Amino acid sequence: MGEQTSVKFPQEVLDEYAALGVDLPALFSAGHLGTRMGVQILEASAERVVGTMPVEGNTQPYGLLHGGASAVLAETLGSVGSMLHGGSGRIAVGVDLNCTHHRGVRSGLVTGVATPVHRGRSTATYEIVISDEQDRRVCTARLTCLLREADESGRSRTVADITEAKERAERLTPGAADGRRAL
(Lines give C-alpha, C1' and ligand atoms only; values in the text may rest on other atoms or scores of the structure.)
Protein backbone atom coordinates (compact mmCIF):
# COMPACT_ATOMS: atom_id res chain seq x y z
CA MET A 1 0.00 0.00 0.00
CA GLY A 2 1.49 3.33 -1.07
CA GLU A 3 4.62 1.71 -2.57
CA GLN A 4 6.11 3.73 -5.40
CA THR A 5 7.84 0.92 -7.30
CA SER A 6 6.17 1.53 -10.67
CA VAL A 7 6.56 5.32 -10.96
CA LYS A 8 7.53 6.37 -14.49
CA PHE A 9 9.79 9.42 -14.85
CA PRO A 10 11.18 11.05 -18.01
CA GLN A 11 14.81 10.01 -18.52
CA GLU A 12 16.12 13.60 -18.31
CA VAL A 13 14.52 13.97 -14.87
CA LEU A 14 16.03 10.68 -13.70
CA ASP A 15 19.44 11.83 -14.93
CA GLU A 16 19.18 15.27 -13.26
CA TYR A 17 18.38 13.87 -9.82
CA ALA A 18 20.69 10.83 -10.10
CA ALA A 19 23.59 13.25 -10.64
CA LEU A 20 22.70 14.79 -7.28
CA GLY A 21 22.46 11.40 -5.57
CA VAL A 22 18.71 11.80 -5.00
CA ASP A 23 16.36 8.79 -4.73
CA LEU A 24 13.49 9.96 -6.96
CA PRO A 25 10.87 7.40 -5.90
CA ALA A 26 11.43 8.38 -2.26
CA LEU A 27 11.52 12.13 -2.98
CA PHE A 28 8.39 12.14 -5.14
CA SER A 29 6.41 9.59 -3.18
CA ALA A 30 3.12 10.45 -1.55
CA GLY A 31 4.80 10.87 1.85
CA HIS A 32 3.55 9.50 5.16
CA LEU A 33 -0.03 10.73 4.80
CA GLY A 34 -0.31 9.54 1.22
CA THR A 35 1.12 6.17 2.17
CA ARG A 36 -1.35 5.83 5.04
CA MET A 37 -4.19 6.57 2.61
CA GLY A 38 -2.90 4.17 -0.06
CA VAL A 39 -1.93 6.79 -2.65
CA GLN A 40 0.18 5.36 -5.47
CA ILE A 41 1.87 7.54 -8.06
CA LEU A 42 1.87 5.74 -11.41
CA GLU A 43 3.29 8.35 -13.77
CA ALA A 44 5.09 11.61 -13.09
CA SER A 45 6.32 14.46 -15.25
CA ALA A 46 5.82 18.23 -15.15
CA GLU A 47 3.22 17.79 -17.93
CA ARG A 48 1.14 15.04 -16.28
CA VAL A 49 1.00 13.21 -12.97
CA VAL A 50 -1.25 10.18 -12.49
CA GLY A 51 -2.03 8.48 -9.20
CA THR A 52 -4.60 6.24 -7.55
CA MET A 53 -6.14 5.86 -4.11
CA PRO A 54 -8.51 3.22 -2.72
CA VAL A 55 -11.92 4.33 -1.49
CA GLU A 56 -11.87 1.72 1.26
CA GLY A 57 -10.36 3.19 4.41
CA ASN A 58 -10.85 6.75 3.13
CA THR A 59 -14.57 7.22 3.70
CA GLN A 60 -16.70 9.54 5.82
CA PRO A 61 -19.47 8.29 8.18
CA TYR A 62 -21.97 7.76 5.32
CA GLY A 63 -19.62 5.34 3.58
CA LEU A 64 -18.68 7.75 0.78
CA LEU A 65 -15.16 8.77 -0.22
CA HIS A 66 -14.22 11.57 2.17
CA GLY A 67 -13.75 14.97 0.52
CA GLY A 68 -10.55 15.41 2.51
CA ALA A 69 -9.20 12.18 1.00
CA SER A 70 -9.83 13.59 -2.48
CA ALA A 71 -7.99 16.74 -1.38
CA VAL A 72 -4.99 14.67 -0.22
CA LEU A 73 -4.83 12.88 -3.57
CA ALA A 74 -5.20 16.17 -5.47
CA GLU A 75 -2.56 18.03 -3.46
CA THR A 76 -0.15 15.11 -3.71
CA LEU A 77 -0.41 14.90 -7.50
CA GLY A 78 -0.31 18.67 -8.05
CA SER A 79 2.67 19.02 -5.71
CA VAL A 80 4.61 16.32 -7.54
CA GLY A 81 3.97 18.09 -10.85
CA SER A 82 5.04 21.41 -9.33
CA MET A 83 8.22 19.89 -7.87
CA LEU A 84 9.11 18.41 -11.24
CA HIS A 85 8.44 21.73 -12.96
CA GLY A 86 10.57 23.58 -10.41
CA GLY A 87 13.48 21.18 -10.85
CA SER A 88 16.08 20.06 -8.36
CA GLY A 89 16.96 23.61 -7.27
CA ARG A 90 13.49 24.48 -6.00
CA ILE A 91 10.89 23.15 -3.60
CA ALA A 92 7.14 23.38 -4.12
CA VAL A 93 4.89 24.55 -1.28
CA GLY A 94 1.11 24.45 -1.67
CA VAL A 95 -0.51 27.85 -1.09
CA ASP A 96 -4.05 27.32 -2.43
CA LEU A 97 -6.19 24.22 -2.91
CA ASN A 98 -9.83 24.08 -3.86
CA CYS A 99 -11.93 21.02 -4.57
CA THR A 100 -15.38 20.62 -6.08
CA HIS A 101 -16.95 17.24 -5.33
CA HIS A 102 -19.26 16.08 -8.11
CA ARG A 103 -20.43 12.62 -7.03
CA GLY A 104 -20.02 10.13 -4.23
CA VAL A 105 -18.03 6.91 -4.48
CA ARG A 106 -18.50 3.94 -2.12
CA SER A 107 -15.91 1.43 -3.31
CA GLY A 108 -13.07 0.71 -5.68
CA LEU A 109 -10.19 2.87 -6.72
CA VAL A 110 -10.17 6.52 -7.75
CA THR A 111 -7.63 7.87 -10.22
CA GLY A 112 -6.33 11.42 -10.28
CA VAL A 113 -4.70 13.13 -13.25
CA ALA A 114 -2.90 16.43 -12.67
CA THR A 115 -2.14 18.69 -15.63
CA PRO A 116 -0.63 22.19 -15.58
CA VAL A 117 -2.76 25.29 -15.90
CA HIS A 118 0.20 27.66 -15.30
CA ARG A 119 3.91 26.93 -14.92
CA GLY A 120 5.84 30.03 -14.03
CA ARG A 121 9.10 30.96 -12.37
CA SER A 122 7.69 31.40 -8.86
CA THR A 123 4.34 29.55 -8.97
CA ALA A 124 2.79 26.52 -10.60
CA THR A 125 -0.94 25.74 -10.81
CA TYR A 126 -2.34 22.32 -11.64
CA GLU A 127 -5.86 21.09 -12.33
CA ILE A 128 -6.49 17.66 -10.89
CA VAL A 129 -9.40 15.54 -12.14
CA ILE A 130 -10.33 12.58 -9.95
CA SER A 131 -12.46 9.85 -11.54
CA ASP A 132 -13.97 6.57 -10.43
CA GLU A 133 -13.43 3.17 -12.06
CA GLN A 134 -16.21 3.92 -14.57
CA ASP A 135 -14.29 7.06 -15.62
CA ARG A 136 -16.94 9.33 -14.06
CA ARG A 137 -15.63 12.59 -12.61
CA VAL A 138 -15.73 12.50 -8.83
CA CYS A 139 -13.83 15.70 -8.02
CA THR A 140 -12.17 18.61 -9.79
CA ALA A 141 -9.41 20.37 -7.87
CA ARG A 142 -6.95 23.17 -8.49
CA LEU A 143 -3.67 23.52 -6.61
CA THR A 144 -1.25 26.45 -6.71
CA CYS A 145 2.26 25.93 -5.36
CA LEU A 146 4.88 28.53 -4.55
CA LEU A 147 8.29 27.56 -5.94
CA ARG A 148 11.11 28.47 -3.55
CA GLU A 149 14.84 28.12 -4.06
CA ALA A 150 16.27 25.22 -2.07
CA ASP A 151 19.54 25.22 -0.18
CA GLU A 152 21.92 22.25 -0.20
CA SER A 153 19.78 20.39 2.36
CA GLY A 154 16.66 20.73 0.21
CA ARG A 155 15.03 23.26 2.53
CA SER A 156 13.52 26.50 1.28
CA ARG A 157 16.06 29.32 1.26
CA THR A 158 13.62 31.39 3.30
CA VAL A 159 13.56 28.74 6.06
CA ALA A 160 17.35 28.42 5.88
CA ASP A 161 17.78 32.22 5.99
CA ILE A 162 15.49 32.55 9.03
CA THR A 163 17.28 29.72 10.83
CA GLU A 164 20.66 31.26 10.05
CA ALA A 165 19.53 34.72 11.23
CA LYS A 166 18.20 33.25 14.50
CA GLU A 167 21.47 31.39 15.08
CA ARG A 168 23.48 34.54 14.35
CA ALA A 169 21.29 36.62 16.69
CA GLU A 170 21.62 34.00 19.43
CA ARG A 171 25.43 34.12 19.14
CA LEU A 172 25.47 37.93 19.31
CA THR A 173 22.82 38.36 22.01
CA PRO A 174 21.88 35.20 23.94
CA GLY A 175 18.08 34.92 24.13
CA ALA A 176 17.47 37.39 21.28
CA ALA A 177 16.43 34.76 18.75
CA ASP A 178 13.32 33.78 20.67
CA GLY A 179 12.44 37.20 22.01
CA ARG A 180 14.19 36.79 25.39
CA ARG A 181 16.94 39.17 26.32
CA ALA A 182 19.82 38.38 28.59
CA LEU A 183 20.07 40.92 31.38
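The values are calculated or read from the model by the stated rules, or taken from the named source; none is laboratory data. Since the structure is predicted, the reported quantities are computational estimates derived from the model, not experimental observations. Note that each Cβ is placed from the backbone with ideal geometry, even for glycine, and that neighbours are counted across all protein chains shown. Accessible surface areas use protein heavy atoms only, side chains included; no ligands, DNA or RNA. Shrake-Rupley method; radii C 1.70, N 1.55, O 1.52, S 1.80 Å.
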**Study point:** Accessible area per residue in Å² at 1.4 Å probe, computed on segment 30-88
**Key:** 39 Å²
Practice item. Give the residue from Q40, A124, G21 lying farthest towards the positive end of the charge dipole for segment 1-151; charges sit on Cβ (+1 for Lys and Arg, -1 for Asp and Glu) and the dipole is referred to the Cα centre. Key: A124
Point to revise | Taking segment 89-145 and dividing mean pair separation by its residue count, relative contact order in percent (alpha carbons under 8 Å, at least six apart) | key: 43 percent
Point to revise | T115, T125, reordered so the largest accessible area comes first (probe 1.4 Å) | key: T115, T125
Review point. Which whole-number percent gives the relative contact order of segment 5-140, counting Cα pairs below 8 Å spaced six or more residues apart?
Key: 22 percent
